[in-house]
Amino acid sequence: MQEFFPMWQGLTRVREGGSPWGHGPLRYLKYLGAMITVSAACYPAGTRRCWTRRARMVAMSALREGAVRPWLRAAGSCALLQRVIAKRPALLERPYRPLGELGMTFHERASLVADHYGVMHATLPLSLCERVYLDGGVAWQFGDDGRYTLRLGDSGPNPKEGELAFYWVDSATDTCLAQLSFYLTHGYDGPAVFIGGLQGPKGEASREYIRVSTKSCEGVRPKDAVMEALLALAGHIGARRIVAVSRANHVGRQRNTPREIQADYETFWRESHAVDLPDGNMSIPVLQPVRDIADIPSKKRSAWRRKQAVAESIRARVCDTLRDSA
């Protein structure tokens, strides 16, 4: 680890067509030596399959030098990304694996990760970004006696689906009832959001946990809660659009044995007024249409108002925290 940072800094200072290490075969050999050091930082000795994973990373770097160098330069040019890498060097290995959505190239994956941290650094206070990535995240309590926690943090167990995630956690059972993972991206007209996945709990008791949570929150389901939080964040950063991955394009399908996506993504995205895109994904409006209360049967209006109050509370508390962190 002591050799990692000087070596990485040497790699990030390389400009197109030049190198601090000279030219020709010697330059290439020194580049490979640097990548060996980087791979050791990503996979410390004693971790699972560390030698195999190091060898794979170095081999891919040897074949893709033209793509790897721009990724390392991009990582070295973003202050937030540098801070996160300093604590978690394995982040440098992200583009070497499938992420985002099905079929992305190394260059596209590297750009997606670099863009995320660049947009986040530009649109959110550094103190908040550091809380999210270095201090366990930001949390809000909801439900009876604060039983349910909404948390904004890194994508944890689902790093292929996003670099950021909202979680809805039942603290009484220590169960995550919903996780919405996403990236912040550069759109042609401003910031945008790409949702890479929505995960729910496993196990026989999960349906009961979800039912209890929904009842406690006046009909707002766990997956509704994380979507409301995402809409609040998207509005706060001035996102122009939200793109949500489809089941057909989910990154889990980019494997030797494609993973069967159980969640009905398209139906849930359409609940947020999503429309189909030519590439198979869906576009969700950042500003959601407001339902006219006259369209609600009179007997259900009180319940609808209570549900809306919880949803508005989620959005308001997320926005308040984002503003107060500035």
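Computed from the coordinates by the stated procedures, all read-outs in this text should not be read as laboratory data. If you're wondering where the values come from, they're calculated on a predicted model, not measured in any experiment. Cβ: placed from backbone, ideal geometry, glycine included. Neighbour counts: every protein chain shown.
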Starting from 0.36 nm per residue, how many nanometres of slack lie between Arg317 and Asp145 once their C-alpha separation is accounted for? 60.2 nm
In nm, to one decimal, how far is the modelled label at Arg48 from the one at Leu287, with both set 7 Å along Cα→Cβ? 4.7
Over the chain, what is the relative contact order in whole percent, taking alpha-carbon pairs under 8 Å and six or more residues apart? 13
The distance between the Cα centres of the stretch 294-309 and the stretch 224-257, in whole Å, is 28
So between Glu260 and Leu63, what do we pick up on full extension, going 0.36 nm a residue minus the alpha carbon distance? 67.8 nm
Could you tally up the Lys pairs in the chain with alpha carbons closer than 29 Å? Skip any pair fewer than 8 positions apart unless they're on separate chains. 15
Antiparallel DSSP bridges in the stretch 136-324: what percent, to the nearest 5? 90
Quick calc: nm separation of the 7 Å Cα→Cβ label points for Asp174 and Ser298 -> 5.1
Once the principal axes of the Cα atoms of the stretch 190-272 are found, what is the range along each, listed largest first in whole angstroms? 41, 39, 17
Less than 14 Å Cβ to Cβ from Ala311, Lys/Arg counted +1 and Asp/Glu -1: what total charge do the surrounding residues give? +3
Per residue of the stretch 230-242, in order, report the coupling 6.51 cos²θ - 1.76 cosθ + 1.60 (Karplus, θ = phi - 60°) as ³J(HN,Hα) in whole Hz, putting x for Gly and Pro. 5, 4, 5, 5, 4, x, 5, 7, x, 4, 8, 7, 10
Starting from the Cα of Glu130, step 7 Å along the direction of its Cβ; do the same at Lys87; then give the gap between the two resulting points in nm. 0.9
Counting alpha carbon pairs within less than 8 Å and at least 6 residues apart, what relative contact order, in whole percent, applies to the stretch 136-324? 17
Normalised by the number of residues in the stretch 29-118, what is the relative contact order in percent for Cα pairs under 8 Å and 6+ residues apart? 29
Report Rg (one decimal) and Dmax (nearest whole number) for the chain, counting Cα atoms only, units Å. 21.6, 78
How big is the Rg/Rh ratio for the stretch 173-326, C-alpha atoms only, Rh by Kirkwood, two decimals? 0.98
